[in-house]
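The structure appears below as structure tokens.
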Amino acid sequence: MTAPIETTGSAAEVQPEAVLMGAKRSQIEGRSLGRIAWTRFKRDKMAVAGGIVVILLVLLAVLAKPIQAIFGLDPNEFHQDLIDPALLAPKGAWGGMSWDHPLGVDPQFGRDILSRIIEGSWVSLLVAGGATVLSVVIGVVMGIVAGFYGGWADTLISRLMDTFLAFPLLLFAISLSATLQDGAFGLSGLPLRISVLIFVIGFFSWPYMGRIVRAQTMSLRNREFVEAARSLGARGPFILFRELLPNLVAPILVYATLLIPTNILFEAGLSYLGVGIAPPQASWGGMLTTAVDTYQADPQYMFVPGLAIFITVLAFNLLGDGLRDALDPRSK
């Protein structure tokens, strides 16, 4: 028999068995679910890169007006002296790139492309973000109610989802935007167009979120923690928003991140068709519309806004994929 190990000092100073075997405290320290997800996310270099680009884009959109004021950028200032009237294209190579205009000027009025890209960033992100928030709120409420209560509520909401998914969203957006161009609801001009785009895109996109939340809720409604809440006398609304909703944050966050680039493309498409953001307000889709008529003389003008949309959509998709893998409890 081996002699028992003698310990000195108080009980608080006694080391855990794992530490006595040589393990460090950091190796046996318990970690929360959030810390585990953050550790997984940091390992995905592409997701981290996408997150950094998303943060920079959001900062650019929020600080667009101060940046323009500090550097004296005017997205609507004409520079006709920089346009070759014979070719209807900017003077110089690469779309008129220079120190004063790093990305060149547009082939119609000589407006600085960099300032218009900065100006269009807040428009695109505002419309996409607002539409995403609207669709997430409606989809989460509808999906969690349908999945938890079932029965006639589930049938009614499911058929409503099918109706919205079958609705010709693009045609409705075109007709509604064209109808409300002069003014409505006390709004006019750019605020009206932004509000209409947010409503149309967000209100008709909620069934995608609703179906995901409904399926997740149905898989959770009979779990032990829900039964325990029922046994303690908790009612439906309490269980929905205090027990089920916190467990749905991960899929909601992931899908919302992936929904933003879809809404950015939809807004750009509507602006491209002429029923989105109206000129002279700069928008990435509107710049592509103008570039279609001038791409042979100045392909640079089509490349820059297209690249801005591509980078933004790619960054959000990489971030969404990384969040999905990090928040998935089955991932290693």
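The values are calculated or read from the model by the stated rules, or taken from the named source; none is laboratory data. Keep in mind that what you see is a predicted model, and the values were worked out from it rather than measured. Every residue, glycine among them, receives a Cβ derived from its backbone with ideal geometry; neighbour counts consider all protein chains shown. Ligands, DNA and RNA are excluded from the accessible area calculation, which covers all protein heavy atoms including side chains. Shrake-Rupley method; radii C 1.70, N 1.55, O 1.52, S 1.80 Å.
Observations, loosely collected:
- Selection status of L87, open to solvent by 40 Å² or more (accessible area, probe 1.4 Å), more than 30 Å from V196 (Cα to Cα) and out of contact with any helix residue (DSSP H, G or I) (no Cβ under 7 Å at 6 or more places or on another chain): yes
- Yes/no for Q80 being of a type in the set (S, T, N, Q), on the phi < 0 side of the Ramachandran plot and either at pLDDT 85 or above or open to solvent by less than 80 Å² (accessible area, probe 1.4 Å) (or both): no
- The lone criterion from (1) buried (at least 20 other Cβ atoms within 10 Å of the Cβ); (2) within 30 Å of M161 (Cα to Cα) left unmet by V141 is number (1).
- Selection count, the stretch 157-169, where residues are open to solvent by 60 Å² or more (accessible area, probe 1.4 Å) and in contact (Cβ under 8 Å) with a residue 12 or more places away in the chain: 2
- Unmet requirement for A234, which otherwise passes all of (1) in contact with a Ser or Thr (Cβ under 7 Å, 6 or more places away or on another chain); (2) in a loop (DSSP other than H, G, I, E, B): (1)
- Qualifying residues in the stretch 256-276 (those that are among the aliphatic types (A, V, I, L, M) and over 19 Å from the mean Cα position of the chain (by Cα)) - the one least open to solvent (accessible area, probe 1.4 Å): V275
- Total residues in the stretch 103-113, condition assigned to a loop (DSSP other than H, G, I, E, B) and at pLDDT 85 or above: 3
- Which numbered condition A23 misses (of (1) surrounded by fewer than 10 Cβ atoms within 10 Å (Cβ to Cβ); (2) modelled with pLDDT under 80): (1)
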